[in-house]
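The values are calculated or read from the model by the stated rules, or taken from the named source; none is laboratory data. All of these numbers come straight from a predicted model, not from anything done at the bench. Backbone-built Cβ (ideal geometry, glycine too); neighbour counts: all protein chains shown. Side chains are part of the model used for accessible areas, which takes the heavy atoms of the whole protein and leaves out ligands, DNA and RNA. Shrake-Rupley method; radii C 1.70, N 1.55, O 1.52, S 1.80 Å.
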Amino acid sequence: MRFAPPNPLRIADRASGLNALSVRSYNERLVLSLLLQNEGTSRMEIGEKTGLSAQTVSVIVRSLEQEGLVAKGEAQRGRVGPPTIPLSLNPEGAYAVGISFSYRKVDVVLIDFVGKVRFHRHLPLEMIGNDDQAHLLDLVGRAVADLPASLHGRIAGIGLAIPEGIESWAGLRNGTLLDPAALQARIEKQAGLPVFVQNDITAAAGGESMFGVAKPLSDYLFFYLGARLHSRLILNHQIYHGNSKVSFDVGILSLEEMLAARRQPTDALWERNSQWPDYGETFESWRRNCREKLVQSIEALSQFVDVGTVVLSSYAPVAVCQGICDDLGRALPDIHALAGGIEISPKAVGAASLPFSSRFMVK
């Protein structure tokens, strides 16, 4: 997946440490990408799946082990010949910070090399603006400080997930506008780390592909259920979104408006990882609207692309996403609908995946 312009390929400088590794050889990236997708893969299996010679695989794996990016498992015995040793990415081999903006909050996460969230905090959106980003910068600093000092050199960078049109969002502090380029430059200067920028929905799709239920998938239709409903098409691991800003007004903001019209409480809708109360028929009506829009979108796309799998990601409760997926499966029996596997701020985790994708994985 291409999240940034391609870097020139070269063999990494082994003696200079992780922070100096801006690019890696294609074969190194290939092995790391394979281990991300297939935990516990042996050297022989790497050779079979990549076409690399046994000697080349051994040299690459040994180098990645020395850098701490790859870890050995326990030897598997019981087969003819020598025992096989499974290999996996070392969770402590690299870390990344992710920042994402949403309708009400700004999320900051720190993840390890296999996508586990090690730090998560959020700020109200109104605390961010061009005139005052101190709160956000402080939170980024706290995420980095959450790691032991000995691991700070293993932070690969910071990902920034920016929504379409955020420059003119009225919810920002004192009605000020936000300049993404200025924010990127300020974070880079203060943190001393490279910042990788991507559209927030595209970042969420990339995070689901790297760390969520979409890891084994090469082709699927991705939906993100936030304030509105957004989509991306993934074909052969490539995320397509064109120049369209299309979204659908059946998201959580729509549910909030329906509840408010009936004088029902809405605060739980925007609390991360909280369980929604029983909203009764209001919720059921909203869920039907959401399902109908998903069905329409899938049927429209199916005229051009054979859609077999759909992934629905959201920070809404897992049960909500799973219920919508069940509805979708009943409406379209030929579609395999999956609830996203990233529960803690999918867009922020997707943002944090950007440094990994740019620096370590095949694009």
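Per-structure values
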read-out	value
Whichever residue in segment 275-319 is polar (S, T, N, Q) and free of Cβ contacts under 8 Å to residues at least 12 places away in the same chain and, among such residues, is farthest from residue 345 (Cα to Cα)	303
Residue tally, condition touching a residue at least 40 places away in the same chain (Cβ under 8 Å) and assigned to a strand (DSSP E or B), over segment 108-157	12
Test: residue in segment 273-290 that is among the basic types (Lys, Arg), assigned to a helix (DSSP H, G or I) and farther than 18 Å from residue 239 by Cα	yes
Qualifying position, being among the acidic types (Asp, Glu), open to solvent by 50 Å² or more (accessible area, probe 1.4 Å) and in contact (Cβ under 8 Å) with a residue 12 or more places away in the chain, among 200, 249	249
In segment 291-310, the residues that are touching a strand residue (DSSP E or B) at 6+ places or on another chain (Cβ under 7 Å) and part of a helix (DSSP H, G or I)	293, 294, 297, 298, 301
Residues of segment 1-52 satisfying the condition of being farther than 27 Å from residue 200 by Cα, open to solvent by less than 60 Å² (accessible area, probe 1.4 Å) and at pLDDT 65 or above	25, 27, 28, 31, 40, 41, 42, 46, 47, 50, 52
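Let's see how each residue does on (1) open to solvent by less than 10 Å² (accessible area, probe 1.4 Å); (2) within 30 Å of residue 32 (Cα to Cα); (3) of a type in the set (Ser, Thr, Tyr); (4) in a strand (DSSP E or B):
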{"site": "319", "(1), (2), (3), (4)": "no, no, no, no"}
{"site": "326", "(1), (2), (3), (4)": "no, no, no, no"}
{"site": "333", "(1), (2), (3), (4)": "no, no, no, no"}
{"site": "343", "(1), (2), (3), (4)": "no, yes, no, no"}
{"site": "353", "(1), (2), (3), (4)": "yes, yes, yes, no"}
